[in-house]
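The values are calculated or read from the model by the stated rules, or taken from the named source; none is laboratory data. Predicted, not measured: the structure shown is a model, and the values here were computed from it. Note that we place each Cβ from the backbone using ideal geometry, even for glycine, and neighbour counts take in every protein chain shown. With ligands, DNA and RNA removed, areas are computed over all heavy atoms of the protein, side chains included. Shrake-Rupley method; radii C 1.70, N 1.55, O 1.52, S 1.80 Å.
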Amino acid sequence: LQGLSRQLLGNTFDVIHLSGHAGINEQGKPVFIMEDESGLRVDVPPRELWKAALNDQDTPPRLLFLSGCSTGEPTGKHGGSTGETFSYARFMAGKCRFPAVLGWGRPVGDIQSSYATKFLYRELSRGQSILEAIQRARYELEEKFPGSSYPAWPMLRLFCTGIPPAPLVTKGQRRLPNPRIITRVTLGGSNIPFLQEGFIGRRRQIQNTFRSLNDEYEKVGVLILGARGLGKSCLAAKICQRFDEYTVIPMSGRLTPGIMRKKLEDAFIKTQDNIGRDILAGSNSFESKLENLCATSLSKKKYLLLLDKFDDNLEEPRNGKPGPLTLDAVELLRPLLYYLGLGGGMSQLIITSRYDFKLPHYNVDLVDQHLESIWLTSFPEAEQYKKLRELQHINEIPQQARRKKLLAASFGNPLLMELLDKKMGEPDFYTPNELNDVIAS
């Protein structure tokens, strides 16, 4: 719900399409099955969906499609003192005043619902009315699945407020570009990239991080791993944004006691943490200062330490493998991993690195014991096409087959996709005959 609310806030849409599991619970009430930020199941009744996500729309969408099982099915007598029956879709149309709401009148499979959806939106994009689009979708369903034991075509149900559902577009209307907006900034006081707009995917990694930081008692943070260009820094910054009750202490690249001391001092000044500042001003070693901070400031207030590009703190490669941690990195990381957990989990740690590493301490690997490893892989196909909306020059290529070749050449790496798009925009860089050479290089 929070993610949906953030997506809709400040934007206007003609159509909102929610696709997922839905049904009628044991109490006979309609629910749409969603997830919380940790990936746990949340059953959302229609009134909660309206209050939490949809009621802030200045201009309500002209069509709300609840593409889930039984969203258009009456649920029983639980409508209050009148004892009326209603469906999820009927509630959204009647109580929330959406002009048109679509739902399914019984459980429906993915294949038939997806097939109907394809024809529904094709007809709407051609300038047909909602009624005409629904009729075409029903017809195509009946033609495609004539022998189905549970035909879905009569179960595609429309609920409306009495306002005639007019076409959403005019016939022959030119298609307008709808590029995804990318807004890049840096995380406060650092050079760590942060996408305010245009962040794509990584839902499971975000959920796993939330579970680890919120629920894992022995873990004091996460280690985000993956090849260059996969978005480790952007993901870490996105997570920091979600933990808005924490004071973020961002550090990037090679670390020294002097760098960490300055970053900690800036954070303590911001939070008026005089105890932390007094510890930093002491004459003992910096490793001892970190131990004291873990028992005091970092255990009493919520700080989120972000160590980005931590692979810069590894020694030169040996025998084709990354070297061990530098002595500075060991002295800085060891007290944080060992003592942060003793502070009750108030402060947390996020590290990004291209390479995995170890930190032995009394026959125990502190990294494995106290950090949850989150691995990033290349974008799957669906997220590649979401990313494609950002790539202006590749999007301008009229031949779909060539666009697919360029996407394949990036191997699902978002940074490679951006660099390739930039190259395609350079004068005289691309001609149709040179495309295969470009991809090969």
| field | Per-residue [θ]222 nm for the chain (sum of -39500 (n - 2.57) over DSSP H runs n ≥ 4, rounded to 500) | value | -10500 deg cm²/dmol
| Cα-based Rg of the chain normalised by 2.2 N^0.38 Å, two decimals | 1.20
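Using the 2.2 N^0.38 Å rule of thumb for compact globular proteins, work out how the stretch 223-318 stacks up: its C-alpha Rg over that value, please.
Working: Rg = 14.7 Å, N = 96, 2.2 N^0.38 = 12.5 Å.
Its radius of gyration relative to the 2.2 N^0.38 Å reference: 1.18.
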| field | Å² per residue, accessible surface of the chain at 1.4 Å | value | 54
| Counting only protein heavy atoms and using a 1.4 Å probe, what share of the accessible area of the chain belongs to carbon plus sulfur, as a whole percent? | 49
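Work out which chymotrypsin sites (Phe, Trp or Tyr not before Pro) in the chain are exposed loop sites (DSSP not H, G, I, E or B, at most 11 other Cβ within 10 Å) and give the longest gap free of them.
Working: sites that count: 217, 362.
Between the exposed loop sites, the longest stretch runs 1-216.
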| In debye to the nearest 20, how big a dipole does the chain give about its Cα centre with +1 on each Lys and Arg Cβ and -1 on each Asp and Glu Cβ? | 1160
| task | With a Förster radius of 25 Å, plug the Cβ-Cβ distance of residue 25 and residue 95 into 1/(1 + (r/R0)^6) and report the FRET value to the nearest 0.05. | result | 0.85
